[in-house]
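Reviewing the structure listed below.
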Amino acid sequence: FVGRKQELATLERLYRSDAFQMPVVYGRRRVGKTSLIAEFVKGKPAIFFSARESTAKENLVALSQAIADLRLDGTPVASDTAAPVFANFEEAFTHVFTLAQQQRIVLVIDEFPYLAQSDRSVSSVLQHLIDRHKENSRLFLILCGSSMSFMEHQVLGYKSPLYGRSSFVMNLHPMDYYESAEFYSSYSNEDKIKIYSALGGIPYYNSLIDPSISVEENFIRLFLLPEAILSNEVTLFLAAEVSKVNNANLVLEALGQGARKYSDIATYTKLPASSLVSVLNQLGSLDLISKDYPINAPDNLKKAQYVFRDNMVHFYYKYIYKNISHMGFMNPEKFYDLFIGSDLDTKHIPKQFEGICREFLIRSNKLNRITPPFFKIGRYYYDIPKLKKNGEFDVVTEDQTGFTFYEVKCRNQPMTPAQIEAEIEQVNASPLKAIRYGFISKSGFKKAEYRDDLVLYDLNDLYADELRG
């Protein structure tokens with residue numbers, strides 16, 4: 001099991017309270033919810049029930065079997081003998097609540113939306129039993145689901161019978177660059193950047209990396225071979241989650257080809273405004289894209305940009321989707337060289353490196369390694385009407401003393417003092433009044449005397465052991 005230390009610590013802290021708890025864990029598919037919970041319940045008396053997209057009767061049979069397989073010493077067991085089936089879900093859950101009066105027991109209902117849709121009374125039954133038994137039961141009830149809208153509206157929403165019953169809500173997001181690198185720790189730091197730029201922070205995707213071959217060979221194996229496991233991953237995901245897949249494909253293709261503003265996406269897709277807004281909202285709710293505003297203009301709609309939040313989806317729509325018709329006619333290695341390799345190294349990764357550096361600063365900030373700590377991070381937009389000049393700085397943080405400017409360089413040569421001074425002059429010529437100047441250089445810095453108001457990081461800093469937390 002890799003990563004998720006904070007999430008495990010949170011669940012353990014709730015578990016140690018010994019009182020009734022109902023944490024809700026949800027997030028998009030492949031993000032690692034089930035693996036996280038399976039790691040948490042190791043050695044604990046636990047009933048792990050994974051609901052099915054099936055009938056209420058079949059789910060009741062499966063739940064009855066999971067309850068029968070419970071061992072109070074925490075050892076896993078799977079019985080070969082069919083268990084007696086409870087009369088209904090209320091009887092089954094009542095039995096578990098009663099068992100938990102004597103001992104701490106974990107009940108996991110994985111893919112809860114499937115269960116609730118198979119029997120619409122389940123949420124009300126659980127609400128009734130929670131209200132009746134929460135004072136005398138030590139049950140640790142985990143509701144888990146991949147349907148984001150269902151979990152947010154039908155479990156956590158105000159109109160849900162379960163509203164107000166959850167003791168903690170964990171919306172599980174993809175891992176950051178640092179935690180993801182644990183899946184491929186044997187690679188160089190530069191290769192780690194390359195892998196993360198293409199696969200992002202979804203644990204399942206990262207678990208597919210074969211450390212015995214090169215990064216490029218992994219990309220070919222995962223995306224381009226006839227049996228490539230990620231070749232249709234995005235298509236299947238969208239088909240399961242989005243109402244109008246063709247519209248979603250159009251929008252993601254537009255983003256993959258560089259469209260960022262709403263007007264540019266509308267021009268590229270030619271979708272009606274209502275359809276475009278709908279699909280943008282859907283893709284945002286799935287954590288695939290987000291709407292990004294300048295740090296100094298958080299309400300300026302004209303300066304808002306739509307950006308990918310999922311690196312693998314970005315990689316797919318930038319390199320695979322638009323060229324997919326060529327794949328059946330070409331050697332996979334030649335396809336990679338022609339359509340991916342050079343652009344990936346010279347254009348895509350340097351841009352993705354900016355996002356990685358933001359994640360590095362956020363991780364450092366959370367570990368109290370930045371003083372004073374910042375409370376905002378993003379791009380800074382400026383406009384100088386008299387000079388008819390405007391522009392943006394991609395990575396800027398704001399703390400109680402002001403702004404810190406960061407310049408990110410993903411080049412193969414170290415930065416020189418002259419280059420640093422040139423960047424500082426450019427900042428000083430803008431309206432941004434920086435308190436400090438930060439530089440993050442993939443290849444480090446040439447030795448020289450530097451100013452006291454500089455903060456310098458290289459690639460080794462991004463992967464330092466101190467960032468493990």
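Across region 322-469, the mean sequence separation of Cα contacts (distance under 8 Å, 6 or more residues apart), normalised by length, yields a relative contact order of 18 percent.
Counting only residues at least eight positions apart within a chain, or on another chain, the lysines with an alpha carbon under 19 Å from that of Lys409 are Lys192, Lys194, Lys347, Lys351, Lys442, Lys446, Lys447.
Residue order by solvent-accessible surface for Asp176, Asp310 is Asp176, Asp310, largest first, with ligands and nucleic acids left out and a 1.4 Å probe. For the modelled label position 7 Å from the Cα of Asn412 along Cα-to-Cβ, which residues of region 341-362 have backbone nitrogen atoms closer than 20 Å? Once the point is set 7 Å along Cα→Cβ of Asn412, 341-354 turn out to lie under 20 Å by backbone N, inside region 341-362. Of the whole protein surface, Asp453 contributes about 40 Å² of accessible area at a 1.4 Å probe radius.
Using a 1.4 angstrom probe on the protein heavy atoms only, could you order His153, His128 from most to least accessible area?
His153, His128
Give, in nm to one decimal, the length gained when the segment between Ala422 and Glu354 is fully stretched (0.36 nm per residue of separation minus the Cα-Cα distance). Length difference between fully extended and current span is 22.5 nm.
Look at the alpha carbon pairs under 8 Å that are at least 6 residues apart: their mean separation over the length of region 23-90 gives a relative contact order of 30 percent. Between (i) 23.0, 78; (ii) 25.2, 82; (iii) 21.8, 71, which matches Rg and Dmax of the Cα atoms in Å calculated for the structure shown? Step by step, Rg and Dmax of the Cα atoms in Å for this structure corresponds to label (ii).
Ordered by solvent-accessible area of protein heavy atoms (1.4 Å probe), largest first, the residues Ser212, Ser54, Ser180 come out as Ser212, Ser54, Ser180. For the pair region 280-295 and region 36-109, the centres of their Cα atoms are 37 angstrom apart. Placing unit charges on the Cβ atoms of the charged side chains and taking the dipole of the chain about its Cα centre, the candidate lying farthest along the positive direction among Ile295, Val408, Ile47 is Ile295.
Leaving out ligands, DNA and RNA, and with a 1.4 Å probe, what % of the accessible surface on region 373-453 is carbon or sulfur? Carbon with sulfur: 48 percent of the solvent-accessible area. Accessible area of Leu456 (1.4 Å probe, protein heavy atoms only, ligands and nucleic acids ignored): about 50 Å². When you filter the GluC sites (Glu not before Pro) in region 134-225 for DSSP loop state and at most 10 other Cβ atoms inside 10 Å of their Cβ, you are left with Glu135. In the context of the full protein assembly, Ser325 retains an accessible surface of approximately 80 Å², using a probe radius of 1.4 Å and ignoring ligands and nucleic acids.
Given R0 = 25 Å, the distance between the Cβ atoms of Glu190 and Leu225 translates into a calculated FRET efficiency of 0.50.
Remark: for residue pairs Lys291/Lys376; Lys33/Lys57; Lys57/Lys244, the C-alpha separation exceeds 27 Å in Lys57/Lys244. Placing +1 on the Cβ of each Lys and Arg and -1 on the Cβ of each Asp and Glu in the chain, which of Phe219, Val122, Tyr382 has its Cα farthest towards the positive end of the resulting dipole? Positive-end residue among those listed: Tyr382.
Model label sites at Lys244 and Ser285, defined 7 Å from Cα along the beta-carbon direction, differ in position by 1.5 nm.
You can think of it this way: the chain between Phe375 and Ser263 has 37.3 nm of extra reach, that is 0.36 nm per residue less the Cα-Cα gap.
Distance between the pseudo-spin-label points of Asn460 and Ile362 (7 Å out from Cα toward the beta carbon): 2.7 nm.
Against the chain, whose longest principal axis comes from its Cα atoms, helix 349-366 is set at around 60 degrees. A full extension of the chain between Leu236 and Ser35 corresponds to an added length of 70.3 nm, given 0.36 nm per residue minus the alpha carbon distance. The mean sequence distance of close C-alpha pairs (under 8 Å, at least 6 residues apart), as a share of the length of the chain, puts its relative contact order at 12 percent. Here the calculated FRET efficiency for Lys5 and Lys386, from their Cβ-Cβ distance with R0 = 41 Å, stands at 0.20, rounded to the nearest 0.05. Using the Cβ-Cβ distance between Arg52 and Leu338 with R0 = 60 Å, the FRET efficiency computed as 1/(1 + (r/R0)^6) comes to roughly 0.85.
The values are calculated or read from the model by the stated rules, or taken from the named source; none is laboratory data. These numbers come from a predicted model, not from an experiment. So basically every Cβ, Gly included, is an ideal-geometry build from the backbone, and we count neighbours across all protein chains shown. Ligands, DNA and RNA are excluded from the accessible area calculation, which covers all protein heavy atoms including side chains. Shrake-Rupley method; radii C 1.70, N 1.55, O 1.52, S 1.80 Å.
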